[in-house]
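None of the figures in this text is laboratory data; all of them are computed from the coordinates on show. For clarity, every value in this text was computed on a predicted model and none was experimentally measured. Virtual Cβ from ideal backbone geometry, glycine too; neighbours counted across all protein chains shown.
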Amino acid sequence: MDGGPLPTFDVAALHARLRERIAEVQPPVVADLMRVFLEVSVLPCELRLWSLEFAFDEDDGRIARMEARFAKPDAAHRDLDELDDLRGYEVQILLPKIIPNRAPAEDVATTTDAEESAPTPRTLVTRFLRALADLGSYRSIETVEARSATVLLV
């Protein structure tokens, strides 16, 4: 039985949904937080998923950030003025003071050439996951249990 079309969210509604879902992740393992972050980020939105980012803040790399930004559906990559006004949300992950040495997980998403060229939220996520797979700093924390995760509207 078909449940009908999925609702289209605005960024604030995605933010609220992400806050709820992140709070449910127990224990808050970084890879599980990332999975939830990406699942919410690809939900239908009135704005287009524009970018995904992973970075470490200062504080000796103990705070990891995941960020999603959204743009008007008709925004072009050359509209640099628009980039300053992108709406979105960020997850700040407070990591333990000592990161244990662990082997990284081996489950990395792959795509075909046809998927690689299609500009959709899912292919953006796939490219993001590929970049994370090559990022040693992320791979070293993906199995770590975070001390906390805070979701912010930006």
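Between residue 123 and residue 153, the distance separating the two model label sites (each 7 Å from Cα on the Cα→Cβ line) works out to 3.2 nm. For residue 50, the residues whose modelled amide H falls within less than 5 Å of its own, excluding neighbours fewer than 5 places apart on the same chain, are 69, 70, 71.
Excluding residue 147 itself, what net charge comes from residues whose Cβ is under 11 Å from its Cβ, given Lys and Arg +1 and Asp and Glu -1?
On the way: positive: 62, 97; negative: 145.
Local net charge: +1.
Suppose the chain between residue 65 and residue 130 were pulled fully straight at 0.36 nm per residue; how much longer would it get relative to their current alpha carbon spacing? Length gained between residue 65 and residue 130: 21.7 nm.
Give, in nm to one decimal, the length gained when the segment between residue 21 and residue 8 is fully stretched (0.36 nm per residue of separation minus the Cα-Cα distance).
Using 0.36 nm per residue and subtracting the Cα-Cα distance, I get 2.9 nm.
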